[in-house]
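Below: one structure, written as structure tokens.
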Amino acid sequence: MRIIASGGLASPLELTKKINSFLYQSTGADNYATFFYAQVHSAKRELRYVNAGHNPPYLFRACNSLREVTSQAPIEELKTGGTVIGMFPDSEYEEAVVELCAGDVLLAFTDGVTEALNPGQVEFGASRLKSLLCRTAHLPVKEIVSCVSDELRGWIAGAPQHDDLTFIVMKMN
């Protein structure tokens, strides 16, 4: 993936199709992966992405004018794409372009985050994660990361987990 993406010439759509083909050829139809890939063009203030069966990342919209155009919710889920990669040799995917404004926050995460269990075997859940993002989106990225990490740690409270807890945060200047 790094080789394909390093030249900067492959769009998220082209990259996803190539990665799907490579994964299918090298592993067979029994194996697959979810995949989210995005490119940010800061000068144009846009994010181009493809979501191939991954949990939709959350985009917190700081700009009211954009929110009025897209929806009234402060959080959009980035769902556009297609099925998982590696399962079918000729999967079709779609690419989306999202206009960004200062203060917008992208939170991409694995399903282990929303499925993190507390000692009572209750999942952290998507609504709790969205609420946390809304409460922390005004903070700098490092503080958002710390808040999410602390909240997850507190929720888990030592309970055994069955999946990874991975997330990334990006904030538009």
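A few remarks follow.
- Filter result (over 17 Å from Thr114 (Cα atoms) and not small (Gly, Ala, Ser)) within the range 137-166: His138, Leu139, Pro140, Val141, Lys142, Glu143
- Residue check, Val97 closer than 30 Å to Lys18 by Cβ, free of Cβ contacts under 8 Å to residues at least 60 places away in the same chain and part of a strand (DSSP E or B): yes
- Cβ-Cβ under 9 Å pairs, at least 6 apart or on other chains, the range 8-36 side closer than 20 Å to Ala96 by Cβ, far side surrounded by 14 or more Cβ atoms within 10 Å (Cβ to Cβ) and among the basic types (Lys, Arg): Ala10/Lys18; Ser11/Arg48; Pro12/Arg48; Leu13/Arg48
- Only one of Leu152, Leu117, Leu129, Leu107 that is surrounded by 16 or more Cβ atoms within 10 Å (Cβ to Cβ) and under 30 Å from Lys18 (Cα atoms): Leu107
- Among the residues of the range 117-161, those that are over 23 Å from Glu76 (Cβ atoms) and either in contact with an Asp or Glu (Cβ under 8 Å, 6 or more places away or on another chain) or basic (Lys, Arg) (or both) comprise Leu117, Lys142, Arg153.
- Qualifying residues in the range 51-62 (those that are crowded, with 21+ Cβ neighbours inside 10 Å and over 10 Å from the mean Cα position of the chain (by Cα)) - the one nearest to Thr80 (Cα to Cα): Ala52
- Enumeration of residues in the range 48-90 that are at pLDDT 95 or above and among the hydroxyl-bearing types (Ser, Thr, Tyr): Tyr49, Tyr58, Thr80, Thr83
The values are calculated or read from the model by the stated rules, or taken from the named source; none is laboratory data. Keep in mind that this is a model prediction, so the values were computed, not measured. Glycine gets a Cβ as well: all are built from the backbone with ideal geometry, and neighbour counts include every protein chain shown.
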